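Encoded as structure tokens, the structure appears first; notes follow it.
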Amino acid sequence: MRFPLEISSKLPKQGASIFTTMSALANQHNALNLSQGFPNFPCPPELIEYVHEAMLAGQNQYAPMAGVPVLREKLAEKTRELYGATYDAEKEITVVPGGTMGIYAAITALVREGDEVVIIEPAYDSYVPAIELNGGRPIRIELSYPDFRIDWNEFKKVINFRTRMIILNSPHNPTGTLLDAEGIKQLARIVDGNDIIILSDEVYEHIVFDGLPHESMAKYPELAKRSLIVSSFGKTYHTTGWKLGYVVGPEKLMREFRKVYQFMAFSAHTPSQYAYARILDNKALYHELAAFYQHKRDLFADALKSSRFEVLPCKGSYFQLLKYDKISDMKDTDFAKELTVKYQIASIPISVFYLSRRDEHILRFCFAKDDETLLKAAEILCKI
């Protein structure tokens, strides 16, 4: 007799991600896809040439586990120039197949059964599953509404002897808010004298607007010594599909990170690493990225002035929040689906980034699109 295979799920409440769901719905209804966060314009053409040249030169086998040396050296130089932080290219920088992999490997390496990990909601959807799969307990702090700031008094209340890690994300996805200098001071006071680790998701580090600074953990020695910082080539060079990022951190933390990472992927795509190493010499590409995306933010916002949507402030990232309470009282998940099916424009409902499914009638739109797409999207939204 054959018995049915029974599996006890490690993530029983987890289904398809909202990004998968909304992108599939957009494809089904031929909608403009401003839901998932990827550009619809090409990467720098020389980057493709560099990959091709690396392939032709025979750079097609496994890279060293930590990444090709020339790339790590360029990243050490870049981090020193931007943030005044010195990282050892050999021992303190690791190239990984995308920021999400870096986040998962860091949590796996450092969070044990019963450890508490503080996250800020609304939170990127990979954090909680990674914590739970490793036996940790996510402790949630909600950003205040409508300014989406951290209430540091509430933050202090959840810190205790079980707190192992704090996950921060600035510029923040999905709200576009930033961790500022005052927040850094508050954070430094909270972690002073304990062994809490900071996992800092800084994949949008170069997309900060209106002349505001990016407050990287790397800028602050007392925080840097306890931080693993995750960065992304895909967000910087419009190559999200290449899935390549890197993690920097002090040797003690990086040693543990690498122990785990080597059994997850071992190494990342070799030709792309050589290509990124070459393009890093063109520093204008990342220095001018903020202005490039600020133009798109402003173009989209200006085109929405005659709409009934409220354009909420966006200080960084390439996501614009729109509040629709003057249009409908539908749940944001339902309204997002209606926009996709009825009006052919796809977005992401913000409630899915909260455990409580807090619904302020807000949708997230990605403006990493060509100007024509943004104007067409605004035209649709202005008719609603």
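So, residue 201, is that one farther than 28 Å from residue 213 by Cα, touching a strand residue (DSSP E or B) at 6+ places or on another chain (Cβ under 6 Å) and of a type outside the set (Phe, Trp, Tyr) or not? Talk me through it step by step, then tell me what you get.
Details: farther than 28 Å from residue 213 by Cα: no; touching a strand residue (DSSP E or B) at 6+ places or on another chain (Cβ under 6 Å): yes; of a type outside the set (Phe, Trp, Tyr): yes.
In short, no.
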Fill in: Cβ pairs under 6 Å, 6+ apart, first in region 228-242 and in contact (Cβ under 8 Å) with a residue 60 or more places away in the chain, second in a helix (DSSP H, G or I) and polar (S, T, N, Q)
234/240
Discussion item. When you scan region 143-156, do you find a residue that is surrounded by 15 or more Cβ atoms within 10 Å (Cβ to Cβ) and either within 29 Å of residue 12 (Cβ to Cβ) or outside the structural domain of residue 227 (by TED's automatic domain parsing) (or both), even just one?
Written reply: yes
Practice prompt. Tell me which residues, restricted to region 3-20, are out of contact with any helix residue (DSSP H, G or I) (no Cβ under 9 Å at 6 or more places or on another chain), among the β-branched types (Val, Ile, Thr) and surrounded by 10 or more Cβ atoms within 10 Å (Cβ to Cβ).
Written response: 20
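Give the residues of region 18-60 that are assigned to a loop (DSSP other than H, G, I, E, B) and more than 15 Å from residue 366 (Cβ to Cβ), sorted by residue number.
Let us first name the residues in region 18-60 that are assigned to a loop (DSSP other than H, G, I, E, B), namely 29-31, 34-44, 57-60.
The answer is 29, 30, 42, 43, 44, 57, 58, 59, 60.
Quick check: anything in region 176-199 under 20 Å from residue 78 (Cβ atoms), hydroxyl-bearing (Ser, Thr, Tyr) and touching a Leu at 6+ places or on another chain (Cβ under 9 Å)? Before you say what the answer is, go through the steps one by one.
Our first condition is that a residue be under 20 Å from residue 78 (Cβ atoms); within region 176-199, this holds for none.
Within region 176-199, not a single residue is under 20 Å from residue 78 (Cβ atoms), hydroxyl-bearing (Ser, Thr, Tyr) and touching a Leu at 6+ places or on another chain (Cβ under 9 Å).
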Item to complete: Starting from region 16-34, take each residue that is of a type in the set (Ser, Thr, Tyr) and list its partners that are buried (at least 19 other Cβ atoms within 10 Å of the Cβ), counting only C-beta distances under 8 angstrom and pairs at least six apart or across chains.
Response: 23/33; 23/35; 23/346
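Does region 111-125 contain at least one residue that is part of a helix (DSSP H, G or I) and either surrounded by 16 or more Cβ atoms within 10 Å (Cβ to Cβ) or in contact with a Cys (Cβ under 9 Å, 6 or more places away or on another chain) (or both)?
Start the filter on region 111-125 by keeping residues that are part of a helix (DSSP H, G or I), which leaves none.
No: zero hits.
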Fill in: Residues that are assigned to a helix (DSSP H, G or I) and either touching a Phe, Trp or Tyr at 6+ places or on another chain (Cβ under 8 Å) or under 13 Å from residue 320 (Cα atoms) (or both), drawn from region 333-374
335, 350, 353, 374
Worksheet item: If you take the residues of region 288-310 that are farther than 17 Å from residue 41 by Cβ and in contact (Cβ under 8 Å) with a residue 12 or more places away in the chain, which of them is nearest to the chain's Cα centre (by Cα)?
Response: 301
Worksheet item: Which one is surrounded by the most Cβ atoms within 10 Å (Cβ to Cβ), of the residues in region 342-384 that are in contact with a helix residue (DSSP H, G or I) (Cβ under 7 Å, 6 or more places away or on another chain) and among the β-branched types (Val, Ile, Thr)?
Response: 348
Item to complete: Being part of a loop (DSSP other than H, G, I, E, B) and over 20 Å from the mean Cα position of the chain (by Cα) is the filter; apply it to region 163-200 and report the residue that is surrounded by the most Cβ atoms within 10 Å (Cβ to Cβ).
Response: 196
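Taking the stated definitions as given, is residue 82 touching a His at 6+ places or on another chain (Cβ under 9 Å), in a helix (DSSP H, G or I) and either among the β-branched types (Val, Ile, Thr) or over 30 Å from residue 136 (Cβ atoms) (or both)? Step through it out loud before you land on a result.
Working: touching a His at 6+ places or on another chain (Cβ under 9 Å): yes; in a helix (DSSP H, G or I): yes; either among the β-branched types (Val, Ile, Thr) or over 30 Å from residue 136 (Cβ atoms) (or both): yes.
Yes.
Can you tell me which of 85, 63, 54 is within 19 Å of residue 203 (Cα to Cα), touching a residue at least 40 places away in the same chain (Cβ under 8 Å) and of a type in the set (A, V, I, L, M)? Please lay out each step first, then the result.
Working: 63 fails: within 19 Å of residue 203 (Cα to Cα); 54 fails: within 19 Å of residue 203 (Cα to Cα).
Only one candidate qualifies: 85.
The values are calculated or read from the model by the stated rules, or taken from the named source; none is laboratory data. This one's a predicted model, so the numbers in the text were calculated from it and none came from an experiment. Here Cβ is always computed from backbone atoms with ideal geometry, including for glycine, and neighbour counts include all displayed protein chains.
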